[in-house]
Amino acid sequence: MRFLLLFSRQGKLRLQKWFTPITEREKKKIIRDMTTLVLARQPRSCNFLQWKDLKIIYKRYASLYFCLAVENQENELLALEVIHRYVELLDKYFGNVCELDIIFNFEKAYFILDEFLMGGEIQETSKQMVNRCIEASDMLQEVRSTHIKSNNGLKSEF
Amino acid sequence: MSPSVPLQEMIRAIRSARTQCEERGVIQRECAAIRAQFRQSDNGGRSHNLAKLLYVHMLGYPAHFGQMECVRMIASPRYSEKRVGYLGAMMLLDEKQDASLLITNSIKNDLSHSNQYVQSLALCTLACMGSAEMCRDLAPEIDRLLQSSNSYIKKKAALCAVHIVRKVQDLGELFVPAARSLLSEKNHGVLHGAVVLITQLCERNPETLKRFRKTVPDLVQIMKGLIISGYSPEHDVSGISDPFLQVRILRLLRILGRNSESASDAMNDLLAQVATNTDSTKTVGNAVLYETVLTVLDIKSESGLRVLAVNILGRFLLNSDRNIRYIAMTSLQKIVGTDHNAVQRHRGTIVDCLKDQDASVKRRALELSLALVSASNIRSMIKELLLFLSSCPPELKAQATSGIFIAAERYAPSKRWHIDTILHVLTTAGGDVRDETVPNLIHLITNASELHCYTVHKLYRALLTDISQQSLVQVACWCIGEYGDLLLKGECQETEPVQVSEDDVLDALETVLQSHMSSSATRGFALTATMKLSTRITDNVDRIRSIVSIYGSCIDVELQQRAVEYNALFKKYDHMRAAVLERMPLIEKNNSGNTNGEATRETLTETNSSKVAQEERVPPPPQQPAKQTYDLLDLLGGASEPLQQSPAAQTLPIITSSSAGGDLLDLLGGLEPTPAPVTPAPSATVYEKDGVTLTLSCEQQSDSSLAVTLTATNASQSDISGFTLQAAVPKSVQLNMNAPSRDSLPAQGAAQLTQLVMLNNPNKVNLKMRIRISYTRQGSAFQDMVQVDSLPGLGAAGHT
């Protein structure tokens, strides 16, 4: 996978994940291209596009478009499943996720993504595993912050 | 986890801004506050500040001042800060930034941390933005982690290793033993990571590929386990057990079985089992089936299995889900060359997909349909394609027209059918055809001498209906000019004759001349046609004379020149008029003679590169018309073909019309003049690579000057655009390169490119040439150089 973008119907970017090193300028251009291309599509059309030498798979969930770019030898139908799986993970975490959840908690959305995909490949194929890991990391964050307070600023080591 | 309140407040503030200006104000204030906070020492709110900055960054505002803060946060002992710090590193730092090197040490420390979540942060960041140096530094660590007992860490280390192998290919060797042992894991996450890693290693190194072929039985076992096993809640997706892993294993099997009989044999049973047992009602099942089909078609499978695979694709084609139909056509396109008959069976369905609403499906259907055209189905296929053309989306028009032309040329059952088809295309989509269509059609018409009468009647009728399609009008004018007498005679066997009077014909031509829809080239055609009629009609020669003299003061320089010359023909050279304007002889079709010099209309994917290429080239000054004015008796115009380049076909039509026959002796009418050397010059192939062939032929023009023709063809499967040639010769030799005939090379040798190079060698030195070839194929640029040490055909002329 090359990149994953989430944007709203108005073309506002909600999440961007790049799996290859690209300059800032290139990124902005790609975002512009993607939003124009995808938002111009008819409602019940095919979810696959060809763009330069990449395949673009996009799916609309409520008011958000999920746009994934893969290389030519990858399986498009599976990419659709990847997008769906990510939506399911977000749903489980936030409970009936909506766009506002992703706007106000974007860093959590990234953390979940980083437990599911890594380096452009799928990391974990089990939903439950991903959820468990996210919960554990969150717990760790909580524990650590309270722990710090009780130690009155003494640097604690893990 | 409690949300970050400061972050949420800021997001709310930004969102409530009503205008862009207001938003920018809010963000500037926030950024200033963040910068101030960064400068302060640890205050417990650092992670909130960085999170705020990352949000601002996502909105598109600059955030580079946060880079150092990321580095500091990563080094912090607090998990919350590390987490946001690493996220910031992934978003703000990439391998091009200098600050990224600073986190190498932190990553190294965190990789050996006692807490697995900290380790995972480090692994994730390394896999996301690790540069080559970082990868080299940390590869041994990753290898160690691959052998740890913690499967959570193992699976992440595997993907990290994948990234390392991508960045630094040589390190692949390091991971081979670990990868091999990971295949015996039970944990799906680790297994998946292992399969991905092995795939990467095999793709990059054929030696490793051979070694991993031995793992095929193990992979087959794992797959069997997945298919046969019962419901497993952890990994089930709509009845399929872990489809992600299944697809990856199938892909690895494909790579392993590709050129190996034994490996392919070992997986035959499994593939058959997957193909028959997978439930295809949901997308997941179809994803697995799709991957299976791709694998079967790529390895050396037995014929029964191949038939099964093609049948699955056929079933996909009938699926109501557009996505499935789309991928079915994509796969069929890949095998249409090898399993042509199998694909032909589904031709009906494919042709139906041409009528689908969706643009992606239409595109695939068009490509596949064009590939399926053959001598036996040409008539019905072209009928369908012409129907498609009338309702075709504009971005596909150019591809469709050129495809129809190529197919028609290859398999035309009769000349009349061929001409009809081309005319039909021109009436429907005349604006999107390639520019060599006009001369090609004219050539075709000239050669079908028995159909001259039919053709001219048809074209005349077409002209009366609609004069907006420039190519059609140009051909029509040319024909009327040439065969006007047949038109006036009124009798025709093949089509209903119309009584046409000379006035009617001249009216029609005058309409074209005066219409604002006609381009300058078209008007040139019309004027010449009018002139030619002066020898073919009897009564209205005066009318012609007056038309011609009116245009003698036309603003358009090209028309004015023609009119003046024709006037001269009436006045001073009236005795020659009949001879000059007589019927054209049959023209030798010069295959490389797409020498109109115009830029051809590219398909969507090639447009950008071709536009850039066109802008770089400067059109050489049009010297031909002036020269040819005085060469009244020099029948072939005496000069090389007018290879003027027009940047865009519409903006400078003057040049094209001059090449289209602006010389007085318009013997070649609308056809571009063939290159001067009529005798075939000896040629040699000087370059052949990736399907691109370059041949060179020379002809001695005079004692010291030499005309070298470079011809390029593209025999590969993909189109080439932006094709340019540059040449260098020894110092004392003068080089003059004319513009090439085109700048793109369509696939499979559909058209050739010629470029004429004039060399002047007064000192008679040893002639050598160095040619640089550059082009773009599928979005990537290629460049190559070839040295020609001896030019062919120079044997005895005193040049050694």
Residue by residue through the stretch B:52-69, note down the ones that are among the hydrophobic types (A, V, I, L, M, F, W, C), open to solvent by 20 Å² or more (accessible area, probe 1.4 Å) and at the interface with chain A (Cβ under 10 Å from one of its Cβ atoms).
-> B:59
Failed item, numbered, when residue B:198 is tested on (1) over 39 Å from the mean Cα position of the chain (by Cα); (2) within 13 Å of chain A (Cβ to nearest Cβ); (3) closer than 30 Å to residue B:260 by Cβ | (1)
Which of the residues belonging to the stretch B:121-136 are more than 10 Å from chain A (Cβ to nearest Cβ), in contact with an Asp or Glu (Cβ under 7 Å, 6 or more places away or on another chain) and open to solvent by 20 Å² or more (accessible area, probe 1.4 Å)?
-> none
Breaking point among (1) surrounded by fewer than 22 Cβ atoms within 10 Å (Cβ to Cβ); (2) modelled with pLDDT of 90 or more, for residue B:87 | (1)
Would you point out the residue of the stretch B:419-434, among those that are open to solvent by 20 Å² or more (accessible area, probe 1.4 Å) and part of a helix (DSSP H, G or I), that is modelled with the lowest pLDDT?
-> B:431
Just need a number here: residues in the stretch A:1-35 that are β-branched (Val, Ile, Thr) and within 25 Å of residue B:196 (Cβ to Cβ).
-> 3
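Condition check ((1) over 22 Å from residue B:166 (Cα atoms); (2) of a type in the set (Lys, Arg)) across all residues:
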{"residue": "A:13", "(1), (2)": "yes, no"}
{"residue": "A:18", "(1), (2)": "no, no"}
{"residue": "A:32", "(1), (2)": "yes, yes"}
{"residue": "A:35", "(1), (2)": "yes, no"}
{"residue": "A:54", "(1), (2)": "no, no"}
{"residue": "A:61", "(1), (2)": "yes, no"}
Spans of strands (runs of 3 or more DSSP E) in the stretch A:1-118 with at least 1 residues open to solvent by 20 Å² or more (accessible area, probe 1.4 Å) and within 11 Å of chain B (Cβ to nearest Cβ) = A:13-18, A:48-51, A:54-61
Given the structure, is residue B:707 modelled with pLDDT under 80, of a type in the set (A, V, I, L, M, F, W, C) and either surrounded by 15 or more Cβ atoms within 10 Å (Cβ to Cβ) or under 16 Å from residue B:745 (Cβ atoms) (or both)?
-> no
Report, by residue number, each residue of the stretch A:76-104 that is more than 16 Å from residue A:60 (Cα to Cα) and charged (D, E, K, R).
-> A:92, A:101
Candidate set: the stretch A:129-146, residues that are open to solvent by less than 40 Å² (accessible area, probe 1.4 Å) and within 30 Å of residue B:241 (Cα to Cα); chosen: the one farthest from the other protein chains (Cβ to nearest Cβ) = A:131
Meets criteria (at the interface with chain A (Cβ under 8 Å from one of its Cβ atoms), buried (at least 22 other Cβ atoms within 10 Å of the Cβ) and under 35 Å from the mean Cα position of the chain (by Cα)) for residue B:118 = no
The one condition residue A:126 fails out of (1) of a type in the set (Gly, Ala, Ser); (2) without any contact (Cβ under 8 Å) to a residue 40 or more places away in the chain; (3) within 16 Å of residue A:5 (Cα to Cα); (4) at the interface with chain B (Cβ under 8 Å from one of its Cβ atoms) is (3)
For the stretch B:5-18, how many residues are away from every other protein chain (no Cβ under 11 Å) and part of a helix (DSSP H, G or I)?
-> 2
Got a sec? Which helices (runs of 4 or more DSSP H) wholly within the stretch B:316-361 have at least 1 residues that are more than 18 Å from residue B:376 (Cα to Cα)?
-> B:322-335, B:347-353
All conditions in (1) under 28 Å from residue B:321 (Cβ atoms); (2) more than 14 Å from chain A (Cβ to nearest Cβ); (3) surrounded by fewer than 20 Cβ atoms within 10 Å (Cβ to Cβ) are true of residue B:285 except (2)
The stretch B:70-115, residues that are more than 45 Å from the chain's Cα centre (by Cα), basic (Lys, Arg) and at the interface with chain A (Cβ under 10 Å from one of its Cβ atoms) | B:78, B:82
State yes or no: is residue B:148 surrounded by fewer than 24 Cβ atoms within 10 Å (Cβ to Cβ), touching a helix residue (DSSP H, G or I) at 6+ places or on another chain (Cβ under 9 Å) and over 22 Å from residue B:86 (Cα atoms)?
-> yes
Just one listed residue, out of B:258, B:254, is open to solvent by 30 Å² or more (accessible area, probe 1.4 Å) and in contact with an Asp or Glu (Cβ under 7 Å, 6 or more places away or on another chain), and it is B:258
For residue B:159, indicate whether it is open to solvent by less than 50 Å² (accessible area, probe 1.4 Å) and either within 38 Å of the chain's Cα centre (by Cα) or among the basic types (Lys, Arg) (or both).
-> yes
Taking only the stretch B:19-51 into account, find how many residues are open to solvent by 30 Å² or more (accessible area, probe 1.4 Å), assigned to a helix (DSSP H, G or I) and within 11 Å of chain A (Cβ to nearest Cβ).
-> 1
Checked the stretch B:59-77 for anything part of a loop (DSSP other than H, G, I, E, B), closer than 18 Å to residue B:113 by Cα and touching a residue at least 12 places away in the same chain (Cβ under 8 Å); matches are B:75, B:76
Search result, residues across the stretch B:205-228 that are within 14 Å of chain A (Cβ to nearest Cβ) and open to solvent by 20 Å² or more (accessible area, probe 1.4 Å) | B:222
Do we find a residue being farther than 25 Å from residue B:90 by Cα and either of a type in the set (A, V, I, L, M) or touching a Pro at 6+ places or on another chain (Cβ under 6 Å) (or both) anywhere in the stretch B:153-172?
-> no
Condition check for residue B:484: touching a Gly at 6+ places or on another chain (Cβ under 7 Å) and open to solvent by less than 50 Å² (accessible area, probe 1.4 Å) = no
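The values are calculated or read from the model by the stated rules, or taken from the named source; none is laboratory data. Everything numeric in this text was worked out from a predicted model, so none of it was measured. Positions of Cβ are generated from backbone atoms using ideal geometry, with glycine treated the same way; all protein chains shown enter the neighbour counts. Accessible surface areas use protein heavy atoms only, side chains included; no ligands, DNA or RNA. Shrake-Rupley method; radii C 1.70, N 1.55, O 1.52, S 1.80 Å.
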